[in-house]
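Before any comments, here is the structure.
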Amino acid sequence: QQQLIRAVVAANPRTVVVLMGGGAILMEPWRQAVPAIVLLGYPGEQGGHALADVLDGRVSPSGRLPYALPTDATHLPPFDPRACRVTYDLWHGYRRLRRDGHAAAFPFGFGLSYSHVAYGDLTAQVEAGGAEGGSLQLDFTVANRGPMAADEVVQVYVDPPGRLLERPARLLAGFTRLDQLAPGEQRRVTLGIPLRRLAYFDPRQDGFCLEAGPHVVRLARHAEDEGLAVELLLKAGVLGP
């Protein structure tokens, strides 16, 4: 397959490589040699029509990766297909790559568009109450500054203090999808995120707890994007079981 890709690209440098698969695909030996890659996933019986609409420019692509694509298989957790027992912990996917200092070939949450969408005017505040111990309320604008209508998936990541215990340096806390932003359109968006998504489980208190200190909240396009950030100082608290 890799030889085929190289042969086709050598004959026609304007080649789009379309990959079909349900998981991470390593493509380091050839990805820098091709101008465009489309990850089709498992699209079902209408996948050919959907792919044609994207390649012909009738529809702007709007999918986002639900996993990170590493640059090397050694960056993945060890896997023994004959193991009788496997332990999963926090350190897999984009959390493991960030902890180990490995940039992804394509980060968690990554996806391109034929348009250009910009974020702005981000404000964040904590609202008390609710079944999950309160929420983080975000308000921001999303503007389509590109030439065609496009969907946008806004992702919210949080960098917790991580002083009391080892925690991932960046966590996906929430996301929302905006349908069909017209060229030149700007929308004001409000997004609520339960504080429990920022918490950790403390077995001594048999509940989810907020860690006191600065939490950096950012709107970003993927897990490695610095995006648009604000800092909130949160107080320690137990949110319940």
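Looking at the stretch 143-156, can you tell me whether even one residue there is farther than 19 Å from residue 112 by Cα, assigned to a loop (DSSP other than H, G, I, E, B) and not aliphatic (A, V, I, L, M)? No, the stretch 143-156 contains no residue that is farther than 19 Å from residue 112 by Cα, assigned to a loop (DSSP other than H, G, I, E, B) and not aliphatic (A, V, I, L, M).
Hey, among 17, 38, 8, which residue is free of Cβ contacts under 8 Å to residues at least 24 places away in the same chain, over 21 Å from the mean Cα position of the chain (by Cα) and crowded, with 16+ Cβ neighbours inside 10 Å?
On the way: 38 fails: over 21 Å from the mean Cα position of the chain (by Cα); 8 fails: crowded, with 16+ Cβ neighbours inside 10 Å.
Being free of Cβ contacts under 8 Å to residues at least 24 places away in the same chain, over 21 Å from the mean Cα position of the chain (by Cα) and crowded, with 16+ Cβ neighbours inside 10 Å holds for just one of 17, 38, 8, which is 17.
Being more than 30 Å from residue 149 (Cβ to Cβ), in contact with an Asp or Glu (Cβ under 7 Å, 6 or more places away or on another chain), open to solvent by less than 50 Å² (accessible area, probe 1.4 Å) and outside any loop (DSSP other than H, G, I, E, B) is the filter here; which residues of the stretch 164-196 pass it? Once the filter is applied, which keeps residues that are more than 30 Å from residue 149 (Cβ to Cβ), in contact with an Asp or Glu (Cβ under 7 Å, 6 or more places away or on another chain), open to solvent by less than 50 Å² (accessible area, probe 1.4 Å) and outside any loop (DSSP other than H, G, I, E, B), the stretch 164-196 yields 194, 195.
Just one of the numbered conditions (1) open to solvent by less than 40 Å² (accessible area, probe 1.4 Å); (2) part of a helix (DSSP H, G or I) is not true of residue 57: (2). Just to be sure, is residue 52 open to solvent by less than 40 Å² (accessible area, probe 1.4 Å), outside any loop (DSSP other than H, G, I, E, B) and either over 23 Å from residue 149 (Cα atoms) or out of contact with any helix residue (DSSP H, G or I) (no Cβ under 7 Å at 6 or more places or on another chain) (or both)? Here the answer is yes, as residue 52 does meet what is asked.
Within the stretch 83-101, if we keep just the residues that are more than 16 Å from the chain's Cα centre (by Cα) and under 13 Å from residue 71 (Cβ atoms), the residue that is surrounded by the most Cβ atoms within 10 Å (Cβ to Cβ) turns out to be 100. Of all the residues in the stretch 197-241, those that are open to solvent by 40 Å² or more (accessible area, probe 1.4 Å) and among the β-branched types (Val, Ile, Thr) number 1.
The values are calculated or read from the model by the stated rules, or taken from the named source; none is laboratory data. This one's a predicted model, so the numbers in the text were calculated from it and none came from an experiment. Because the Cβ atoms are built from the backbone with ideal geometry, glycine has one as well, and the counts that use them run over all protein chains shown. Surface areas here come from the heavy atoms of the whole protein model, side chains and all, with no ligands, DNA or RNA. Shrake-Rupley method; radii C 1.70, N 1.55, O 1.52, S 1.80 Å.
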